[in-house]
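A.B. asks: Handing you a structure now.
Computed from the coordinates by the stated procedures, all read-outs in this text should not be read as laboratory data. Worth saying up front: this structure is predicted, and the values here are computed from it rather than measured. Every residue, glycine as well, gets a Cβ built from its backbone with ideal geometry; the counts of neighbours run over all protein chains shown.
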Amino acid sequence: MKHIDSPSTPGKFKMEKAPYNRLRLQSSIAKLTFWSLVFVGMIFVFFYRSPSSLNPVSSDLSRRSLRTSSYSGPNFEKKVRQSAKPRSRHGMSVLVTGAAGFVGTHVSASLKRRGDGVLGLDNFNSYYDPSLKRARQTLLERSGVYIVEGDINDGELLAKLFDIVPFTHVMHLAAQAGVRFAMENPSSYVHSNIAGLVSVLEFCKNANPQPAIVWASSSSVYGLNTKVPFSERDRTDQPASLYAATKKAGEEIAHTYNHIYGLSLTGLRFFTVYGPWGRPDMAYFFFTRDILKGKSIPIFEAVNHGTVARDFTFIEDIVMGSLAALDTAEKSTGSGGKKKGPAQLRVYNLGNTSPVPVGDLVSILEKLLKVKAKRLVMKMPRNGDVPFTHANISLAERELGYKPTTDLHTGLKKFVQWYLSYYVDGKKSTQ
Ligand SMILES: O=C(O)[C@H]1O[C@H](OP(=O)(O)OP(=O)(O)OC[C@H]2O[C@@H](n3ccc(=O)[nH]c3=O)[C@H](O)[C@@H]2O)[C@H](O)[C@@H](O)[C@@H]1O
């Protein structure tokens, strides 16, 4: 019995008599078959049905390959090609990152309207109400702009898009925005504004032909500077928030990619952009919501009851400046990741050059909404805000023909009209 129980014991098997041996052999084959089936079954269960928590790496890979599979196929490629195709041979083919964002939507629509090809990319994150981003997407789709849903850090996806389309330009607007949120979620700023920028530049540098890149920097890079108006020649080494620090880092990274790889790079320092389809995290937007709801609104003041002011800039002026930056961008000089000669490297202020105190912004909103605001004046919290911004725009005027034409009252009137039709008449939730 002992031998039957241990059939594989070497040496002892030879000692058995012949009929008994045959019986043992049959029994061994049956057992071997049984255990082989069990083993194969276990392998199947392990690889195909294991819960993701058991193997995070492989589950992440399989998730990614599932996602990537929705980025392939003739239908996907056709939509991408069609959207990115300019109307005429001389038009641009622009990849707009952050296309479902506030500035991204307006820039994409304007480019498409004038005949350029536009492909959008956006991850539709939930930093603010994603349904607003979806509504912007619907708007763009109606005008023929397709937005691919994906992240700028997804190398496989970027490779695919650059494979399908030889973009002439990249308008890089995807970013983690907002000055104060950086204290709540610092890593999201590093992920989007630094790692994400590098990811985009890596693909641009390797592309053949290399596109010219225009991207969103920020007025916040002037940080704690006191000399006004802020000029591009001023120092930018004292940021007041992590947001500002990541935008400043972006400008240095742009220098590096221009220097090593010959990428044509233009950074636009936007000054507190506002307008229809804007961002609900910005003061003018949630002040409007809260005034209408009868809620009090916190109005910050600087030390010694000093006024806090912003160079609020209307979205249509920003769009004009952004398109002018694309139109005047020279070609990148590199090819296949190698620099062939010096390339353009530019930075411009896009502001309105007339700062308005936040209290005055509230007064304009009160008139437009015909509702008195419950003002709660308070000391500016130490959360990354700066007391004032004021752009010197002479460089953009000279080189881009940039000339803002909308004052705060006119711009807010357009915003309020949109807000009322979207949220009140359209019965959308304000959250
Ligand atoms: O120009 C820029 O670079 C930046 O402009 C805005 O940042 P910010 O100017 O701080 O815009 P808001 O957050 O809308 O604040 C506008 C003004 O309202 C003030 N504020 C804000 C919030 C609040 O509760 N109360 C209040 O008085 C702020 O101090 C600021 O002076 C954007 O949020 C940034 O993403 C952008 O990069």
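A.B. asks: If the cut-off is a Cα-Cα distance under 28 Å, which lysines reach Lys374, setting aside same-chain residues fewer than 8 apart in sequence?
C.D. replies: Lys293, Lys295, Lys413, Lys414, Lys427, Lys428
A.B. asks: Suppose the chain between His90 and Ser335 were pulled fully straight at 0.36 nm per residue; how much longer would it get relative to their current alpha carbon spacing?
C.D. replies: Numbers: separation 245, 0.36 × 245 = 88.20 nm, distance 2.10 nm.
Net length gain for the segment: 86.1 nm.
A.B. asks: Label points 7 Å out from Cα along the Cβ direction at Tyr422 and Ala302: separation in nm?
C.D. replies: 3.1
A.B. asks: Here is a follow-up. For Ser394 and Arg134, FRET efficiency with R0 = 56 Å and r from the beta-carbon atoms, rounded to 0.05? Walk me through the intermediate numbers first.
C.D. replies: Values: r = 40 Å, r/R0 = 0.71.
E between Arg134 and Ser394, to the nearest 0.05, is 0.90.
A.B. asks: If the cut-off is a Cα-Cα distance under 19 Å, which aspartates and glutamates reach Lys370, setting aside same-chain residues fewer than 8 apart in sequence?
C.D. replies: Asp290, Asp360, Asp425
A.B. asks: Can you give the net charge of the other residues whose Cβ lies under 15 Å from the Cβ of Asn206, counting K and R as +1 and D and E as -1? Present the calculation step by step, with values, prior to reporting the outcome.
C.D. replies: Values: positive: Lys160, Lys205, Lys338, Lys339, Lys340; negative: Glu156, Asp163, Glu202.
Here the count lands on +2.
A.B. asks: Between the range 136-152 and the range 332-387, how many Å separate their Cα centres?
C.D. replies: The range 136-152 and the range 332-387 have Cα centres separated by 25 Å.
A.B. asks: Which of the peptides 141-148, 236-243, 423-430 is most tightly packed, and how do the rest follow, going by the mean number of other Cβ atoms within 10 Å of each residue? Mind dumping the intermediate values first?
C.D. replies: Numbers: 141-148: 17.2, 236-243: 19.1, 423-430: 11.4.
The most tightly packed comes first, giving 236-243, 141-148, 423-430.
A.B. asks: Which of the lysines could a cross-linker bridge to Lys160, judged by Cα under 29 Å and excluding same-chain residues fewer than eight apart?
C.D. replies: In chain and number order, the partners are Lys78, Lys79, Lys85, Lys112, Lys133, Lys205, Lys247, Lys331, Lys338, Lys339, Lys340.
A.B. asks: Here's another thing I want to ask about it. To the nearest 0.05, what FRET efficiency results for Asp163 and Thr410 with a Förster distance of 35 Å applied to their C-beta separation? Intermediate values should be presented prior to the final figure.
C.D. replies: Values: r = 44 Å, r/R0 = 1.27.
For Asp163 and Thr410, the calculated efficiency is 0.20.
A.B. asks: Based on the mean of other Cβ atoms within 10 Å per residue, sort peptides 219-225, 406-412 so the most packed one is first.
C.D. replies: Numbers: 219-225: 22.0, 406-412: 18.9.
Highest to lowest by the protection proxy: 219-225, 406-412.
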